[in-house]
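Colleague: Next up is a structure, given as structure tokens.
The values are calculated or read from the model by the stated rules, or taken from the named source; none is laboratory data. Just so you know, these numbers come straight off a predicted model, no measurement behind them. Positions of Cβ are generated from backbone atoms using ideal geometry, with glycine treated the same way; all protein chains shown enter the neighbour counts. For accessibility, only protein heavy atoms count, side chains too; no ligands or nucleic acids. Shrake-Rupley method; radii C 1.70, N 1.55, O 1.52, S 1.80 Å.
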Amino acid sequence: SSDLCRVLVNLLDNAIEAVYPLEQNRNISLHIRKVNNMIIIHLENPYKGNLMKDENGEYLTTKKEHKGLGIQS
């Protein structure tokens, strides 16, 4: 349960950080459901900026310090 809490806090923190500078459309949508033995988490938010990928096509972090795993975590 603590791992799930970490994931949810990280998702929400990143979504809030993404919409904070926006003047309009600061909506965050979060849906959580259980399917069989899996938990499905779907979060959507607008983002104004450039998303970059590495040579393997993996998304890179947008943090200014360039620390973090981004979507890999």
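Colleague: Just to be sure I understand, how many residues within segment 1-31 are open to solvent by 90 Å² or more (accessible area, probe 1.4 Å), in contact (Cβ under 8 Å) with a residue 12 or more places away in the chain and among the β-branched types (Val, Ile, Thr)?
Modeller: Final tally of qualifying residues: 1.
Colleague: Find all pairs meeting these conditions: Cβ atoms under 6 angstrom apart; at least six residues apart or on different chains; first residue within segment 39-67 and under 24 Å from LEU8 (Cβ atoms); second residue in a loop (DSSP other than H, G, I, E, B) and among the aromatic types (Phe, Trp, Tyr).
Modeller: Close Cβ pairs (under 6 Å, with a partner that is in a loop (DSSP other than H, G, I, E, B) and among the aromatic types (Phe, Trp, Tyr)) do not exist here.
Colleague: Sort out which residues of segment 32-55 are open to solvent by 70 Å² or more (accessible area, probe 1.4 Å) and not in a loop (DSSP other than H, G, I, E, B), and write them in order of number.
Modeller: The answer is ILE32, ARG33, LYS34, MET38, ILE39, HIS42, GLU44, LYS53.
Colleague: Another one. Scanning for something farther than 17 Å from LYS63 by Cα, within 10 Å of the chain's Cα centre (by Cα) and not acidic (Asp, Glu), does segment 27-43 turn up at least one residue?
Modeller: Within segment 27-43, one or more residues are farther than 17 Å from LYS63 by Cα, within 10 Å of the chain's Cα centre (by Cα) and not acidic (Asp, Glu).
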